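I have placed the structure first, in the form of structure tokens, so that the comments after it can refer back to it.
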Amino acid sequence: MDYQSFFKGALDDLRDQGNYRVFADLERHCGSFPNATARGADTAEVTIWCSNDYLGMGQHPKVLSAMHEALDRSGAGAGGTRNISGTTHDHVLLESELADLHGKEAALLFTSGYVSNWAALGTLAARIPDCVVLSDALNHASMIEGIRHSKAERMIWAHNDLADLEAKLAALPLDRPKLIAFESVYSMDGDIAPIAEICDLADKYNAMTYLDEVHAVGLYGARGGGIAQERGLMDRLTVIEGTLGKAFGVMGGYIAASAELCDFIRSFASGFIFTTALPPTVAAGAAASIRHLKTSQTERDAQKVKVAQVRARLEALGIPHVDNPSHIIPVMVGDPVKCKYISDVLLKDYGIYIQPINFPTVPKGTERLRITPSPVHSEADIDHLVNALGQLWEQCQLARMPQAAQ
């Protein structure tokens, strides 16, 4: 077999389909996010409109100060895996902050949100005898991979469809171990799960619940604990999983649960045991971000205002976007080539960076630009974004919503 020709052919197919991913070479500007320098053949200044640093906490003075202090105090690396020499006092403090954030007995830190889902779901489903996992159809790839890795029986229930979930639960023996895995805010459409009703079904059918809050922590709830905190439901969930790499502005993932469950994952999950720990600088920065957002509403309130402004401006121009109750604004293009083209032109001609979201991240025909307004986007930023989209919608002859004719 000609291996290099095989690789090239597969990549050429992606390019022909408009699904080849290009990573922009961006240099964020400390203290002036969302501004960045795009480097390459042509260097240009750009405004980032698709970051998951939803609140700009990656630039917050408290976070930067905590990381500088930890670097001066403890050095660069953690020193190894957590079980050998990599558990530092900063890791212990961070896990305490996370447990408190979610009202749980304990928390366990991982190197990323992907790893926390893969390791926790994979370990629970594999180690609990005869466990069956009921997974929402739109769960993140990390959840899917963790469940698949466990080799446990899995049932896929229609997205946010309580009737389908109950039908599948009712078909199983009441005493059989069950785990319902789902997300709060779904990152591509921005819709939110009916958490209370899912918990009701879990209680009725003797199931555990595993809630992925990665796109909600820091953003929702009086202390930034997510949708479950906002709705007063944290105590009803078996496991709450989150990330430190989105609204908290740093990196890492975690679970929060009972002391026994966290210790169980710590003791049996290979994805925890055999990987080097996060640097103490990162743990210290994350802890500072969490502590700040537990008491400050300023960032969350400002973000809500910016999200509402962008939505209103898009509606006025008839630019089609998914109506949802979250902070995520999916602007629907519906064509992979045009989606990539609009993204390229926005970057090259307008200094706006929005990565195209094409298959397989989203189904074919639903290609989109995923916009995430933040508190640090200015009124001028919004004007420039909306005007650019309006011009490109006209140039690409894309359909507009009926509101544009009103």
Quiz item: So, in Å, what gap is there between the alpha-carbon centers of the stretch 86-142 and the stretch 216-252?
Solution: 13
Quiz prompt | In degrees, nearest ten, helix 336-350 long axis to first principal axis of the chain (Cα) | solution = 70
Practice problem: Based on alpha-carbon positions alone, could you give the equivalent ellipsoid semi-axes of the chain from the gyration tensor, as √(5λ), descending, whole Å? | Solution: 34, 27, 22
Exercise. Just need the relative contact order of the stretch 189-322 here, percent rounded to a whole number, with Cα pairs under 8 Å and 6+ apart.
Key: 19
Quiz item: To the nearest 10 square angstrom, what accessible area does C50 show with a 1.4 Å probe?
Solution: 30
Exercise. Calculate how steeply helix 280-295 sits against the longest principal axis of the alpha-carbon atoms of the chain, using the helix alpha-carbon long axis, and give the answer as 0 to 90 degrees to the nearest 10.
Key: 80
Practice problem: May I ask you to rank Y205, Y210 by accessible area, largest first, using a 1.4 Å probe over the protein chains only? | Solution: Y205, Y210
Quiz item: Do any of K306/K348; K151/K338; K168/K294; K294/K364; K294/K348 go past 31 Å between their Cα atoms, and which?
Solution: K151/K338; K168/K294; K294/K364; K294/K348
Practice problem: Normalise the Debye intensity by I(0) for the stretch 31-125, one equal point scatterer per Cα, no solvent, then take log10 at q = 0.20, 0.25 Å⁻¹ and round to two decimals. | Solution: -1.21, -1.32
Exercise. Would you calculate, for the chain, the mean residue ellipticity at 222 nm contributed by helices, counting each DSSP H stretch of 4 or more residues as -39,500 (n - 2.57) and dividing by all residues, to the nearest 500?
Key: -13500 deg cm²/dmol
Self-check item: Rounded accessible area per residue of the chain, 1.4 Å, Å²
Solution: 43
Quiz item: Rounded to the nearest 20 Debye, what is the dipole magnitude of the chain about its Cα centre when Lys and Arg each give +1 and Asp and Glu each give -1 at the C-beta?
Solution: 260
Practice problem: Binning at 10 Å from 0, report for the stretch 86-245 what percent of all alpha-carbon pair distances ends up in each bin. | Solution: 11, 42, 37, 10, 1
Quiz prompt | Lys/Arg +1, Asp/Glu -1 at C-beta; the chain dipole; positive extreme among Y54, I329, H29 | solution = H29
Practice problem: Give the angle, between 0 and 90 degrees and rounded to the nearest 10, that separates the Cα long axis of helix 61-74 from the longest principal axis of the Cα atoms of the chain. | Solution: 50
Self-check item: Order of exposure, largest accessible area first, which applies to R368, R231 with probe 1.4 Å
Solution: R231, R368
Quiz prompt | Along principal axes, Cα extents of the stretch 13-75, largest first, whole Å | solution = 51, 24, 24
Exercise. Could you point to the residue in P363, T295, A312 farthest towards the positive end of the stretch 280-370's charge dipole, with +1 and -1 charges on the Cβ of Lys/Arg and Asp/Glu respectively?
Key: T295
Self-check item: Carbon/sulfur fraction of accessible area - the chain, other protein chains in place, 1.4 Å, %
Solution: 55
Self-check item: Between the stretch 274-304 and the stretch 358-404, the alpha-carbon center distance in angstrom
Solution: 29
Self-check item: Radius ratio Rg over Rh of the stretch 259-406, counting only Cα atoms, Kirkwood formula for Rh
Solution: 1.10
Quiz item: What accessible area, in Å² to the nearest ten, does a 1.4 Å probe give for H140?
Solution: 80
Quiz item: Placing +1 at every Lys and Arg Cβ and -1 at every Asp and Glu Cβ, with all other atoms neutral, what dipole size does the stretch 1-40 have around its Cα centre, in debye to the nearest 20?
Solution: 220
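The values are calculated or read from the model by the stated rules, or taken from the named source; none is laboratory data. Just so we're clear, the structure is a prediction, and the values are computed from it rather than from any experiment. Note that each Cβ is placed from the backbone with ideal geometry, even for glycine, and that neighbours are counted across all protein chains shown. Keep in mind that these areas ignore ligands, DNA and RNA; they rest on the heavy atoms of the full protein, side chains included. Shrake-Rupley method; radii C 1.70, N 1.55, O 1.52, S 1.80 Å.
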